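See below for the structure under consideration.
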């Protein structure tokens, strides 16, 4: 199930293993070594994994230099080879070229989200391929014949993404589809004869269309209003595979037969199918399932339907996979809440497994880190709210610890899996974290998903308050020392909590959060035009009478109610939540004589990606919490 969201989820995700809340109880505190933020940030974040044509190496993106750059790693194991050495803007690898070792990559300007595409040649030189200064570009796949690639760009009209094909011999682009109606371009058939186009209806539902490139005929694929998302065309372009939640709570996989318009269900699970595809040679089907806030990956052999046997990683999860073009090798990421994901290569014939990365800092003992658990509690109206719980190892009934309610981004995001240096840093220093998946979060069925529509700052905020109430009942938690933290939409929820429920939380940490919905909805980036109306349907139209409600739920207009210490963190280049949002909320709250700390980064956007900035931000968060939450007696509320 997809949900369009006005804000990007804060890049902190969570692992979960379903458990009853009672299992979180501990009678005896454990002794753990405490680590500095520099030690936690010396962990490595690695992503990607494009095989070179000869399968001798993988292209990855890593922040080991302090910001993201491209590297290659031998598939047999060994040292990284740096491909770029940027010390300013982050560089993200896209792919090796299909038949040579040129590399396609993307960059923006320190978080402004105006991405351009580049090629890194084998002689070390680089060339910018999409050169219009204020136009975004995004890779959309390689052509089947390996002679070109597809990309989307808003060069023609800043509101909409058109589809282009670029020849890789001359790097000459050709306009393939002019997007004048605000469709999302979701899939391209191998023979280039058809496109799958999505049309947002609201933040929950979208229509799916089949577009014939030659005749320009548009055929609606879905039969009823529902959430629909194209996955891929069959290799012979006889069918389109897509996910839908029609007549169901969770998204399942369907097949649309192009010749006669018939539909058939292919695969259904008890959770959302987030994506499904058949590998290039047709040997395997890979399916991603959002299973109670963690990835579950199912790989089946298309010929027999049997599941592919995968290595056993114990209590860690395989979070993503990718195949070499000949499908003889598979790369996979494996990690957990107490271990940053590591990259492996698996030889499908010999069954040899090779670990390529060691992302956890050698100075950090994994036994000192906290594994997360899923808990559930009832909210004010008996709605069951899932949450991810991190309890410090040093906590016990006789050594109670302070806690923070964490709110994800979105609004339709989800606190999920994956290692977080910030979460582990806070828990290592004695703070429990309860990451609330309040109503409106994705992953728990479409009814739950829709519960926050035109209800932001109300029912969802009460879910967070009830999360705090759950914490107060835990014997290891100091019930008088509970705060709230979040980024993006979670930052809004932090400010809403301090504004509209001023006595519930003792402190708030707002990380680039919305504080004025009217301004934010009027200043959304131009490339969001295709789903602007959908956002208005969920959040309200700032140009109509909805503005009355939007003003009422915008903390900026009610700063006089804030009585608890506040910390605000912001990136100056953020195109989603403008710096002025944070400037003004800080100025407004300061008038109350309330302690306010403001951390502004001139070279960051919607999310902090440079290690030196993360170190500064996270260390200041801990110092703030130590001063105003752990040692709360210093600030008399």
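The values are calculated or read from the model by the stated rules, or taken from the named source; none is laboratory data. Model, not experiment: these values are computed from the prediction. All Cβ positions, glycine included, derive from the backbone under ideal geometry; neighbour counts span all protein chains shown.
Sort out for me the strands (runs of 3 or more DSSP E) sitting completely within the stretch 249-363 that have 1 or more residues that are over 22 Å from residue 222 (Cα atoms).
Output list reads 284-290, 295-301, 317-323, 329-336, 339-347, 353-355.
Checking residue 309 against (1) without any contact (Cβ under 8 Å) to a residue 40 or more places away in the chain; (2) surrounded by fewer than 16 Cβ atoms within 10 Å (Cβ to Cβ); (3) under 26 Å from residue 32 (Cβ atoms), which single condition isn't satisfied?
(3)
Taking the options 338, 342, 315, 295, name whichever one is under 24 Å from residue 357 (Cα atoms) and touching a helix residue (DSSP H, G or I) at 6+ places or on another chain (Cβ under 7 Å).
Being under 24 Å from residue 357 (Cα atoms) and touching a helix residue (DSSP H, G or I) at 6+ places or on another chain (Cβ under 7 Å) holds for just one of 338, 342, 315, 295, which is 338.
Looking only at the stretch 242-274, which residues are surrounded by 17 or more Cβ atoms within 10 Å (Cβ to Cβ) and within 24 Å of the chain's Cα centre (by Cα)?
Answer for the stretch 242-274, where residues must be surrounded by 17 or more Cβ atoms within 10 Å (Cβ to Cβ) and within 24 Å of the chain's Cα centre (by Cα): 242, 243, 244, 245, 250, 251, 252, 253, 271, 272, 273, 274.
For residues that are over 30 Å from residue 454 (Cα atoms) and crowded, with 22+ Cβ neighbours inside 10 Å, tally how many sit in the stretch 376-399.
4
Are there any strands (runs of 3 or more DSSP E) wholly within the stretch 146-235 with 1 or more residues that are at pLDDT 95 or above, surrounded by 21 or more Cβ atoms within 10 Å (Cβ to Cβ) and touching a strand residue (DSSP E or B) at 6+ places or on another chain (Cβ under 9 Å), and if so which?
It comes to 148-153, 162-167, 184-188, 194-200, 206-212, 228-233.
Of all residues in the stretch 492-544, how many are more than 22 Å from residue 201 (Cβ to Cβ), out of contact with any helix residue (DSSP H, G or I) (no Cβ under 8 Å at 6 or more places or on another chain) and assigned to a loop (DSSP other than H, G, I, E, B)?
2
Quick test for you: out of 32, 46, pick the one residue that is touching a residue at least 40 places away in the same chain (Cβ under 8 Å), buried (at least 17 other Cβ atoms within 10 Å of the Cβ) and within 25 Å of residue 622 (Cβ to Cβ).
Within the list 32, 46, the selection yields 32.
Determine which member of the set 609, 589 is modelled with pLDDT of 95 or more and surrounded by 16 or more Cβ atoms within 10 Å (Cβ to Cβ).
589
So for the stretch 423-440 (the condition being without any contact (Cβ under 8 Å) to a residue 40 or more places away in the chain and either more than 24 Å from the chain's Cα centre (by Cα) or within 27 Å of residue 204 (Cα to Cα) (or both)), does at least one residue qualify?
Looking for residues that are without any contact (Cβ under 8 Å) to a residue 40 or more places away in the chain and either more than 24 Å from the chain's Cα centre (by Cα) or within 27 Å of residue 204 (Cα to Cα) (or both), one finds at least one in the stretch 423-440, hence yes.
What's the number of the only condition in (1) within 29 Å of residue 359 (Cα to Cα); (2) surrounded by fewer than 20 Cβ atoms within 10 Å (Cβ to Cβ); (3) at pLDDT 95 or above that residue 71 fails to meet?
If we test residue 71 against (1) within 29 Å of residue 359 (Cα to Cα); (2) surrounded by fewer than 20 Cβ atoms within 10 Å (Cβ to Cβ); (3) at pLDDT 95 or above, just (2) comes out false.
Just the residues that are surrounded by fewer than 24 Cβ atoms within 10 Å (Cβ to Cβ) and at pLDDT 95 or above, please, taken from the stretch 400-418.
Result: 400, 401.
One line per residue, one yes/no per condition, for (1) surrounded by fewer than 21 Cβ atoms within 10 Å (Cβ to Cβ); (2) on the phi > 0 side of the Ramachandran plot:
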| residue | (1), (2) |
| --- | --- |
| 77 | yes, yes |
| 81 | yes, no |
| 85 | yes, no |
| 89 | yes, no |
| 103 | no, no |
| 107 | yes, no |
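Does the stretch 457-478 hold any residues that are assigned to a loop (DSSP other than H, G, I, E, B) and either modelled with pLDDT of 95 or more or surrounded by 24 or more Cβ atoms within 10 Å (Cβ to Cβ) (or both), and which are they?
Of everything in the stretch 457-478, those that are assigned to a loop (DSSP other than H, G, I, E, B) and either modelled with pLDDT of 95 or more or surrounded by 24 or more Cβ atoms within 10 Å (Cβ to Cβ) (or both) turn out to be 473, 474, 475, 476.
Taking the condition under 22 Å from the mean Cα position of the chain (by Cα) and either surrounded by fewer than 23 Cβ atoms within 10 Å (Cβ to Cβ) or touching a residue at least 12 places away in the same chain (Cβ under 8 Å) (or both), does residue 603 pass?
Criteria met by residue 603.
Which residues, taken from the stretch 372-409, are within 22 Å of residue 296 (Cβ to Cβ) and either more than 23 Å from the chain's Cα centre (by Cα) or part of a loop (DSSP other than H, G, I, E, B) (or both)?
372, 384, 408
Restricting to the stretch 134-145, name every residue that is in contact with a strand residue (DSSP E or B) (Cβ under 9 Å, 6 or more places away or on another chain) and not in a strand (DSSP E or B).
Across the stretch 134-145, the qualifying residues are 135, 136, 143.
Taking residue 558 as meeting all but one of (1) touching a strand residue (DSSP E or B) at 6+ places or on another chain (Cβ under 7 Å); (2) at pLDDT 95 or above; (3) outside any strand (DSSP E or B), write down the number of the exception.
(1)
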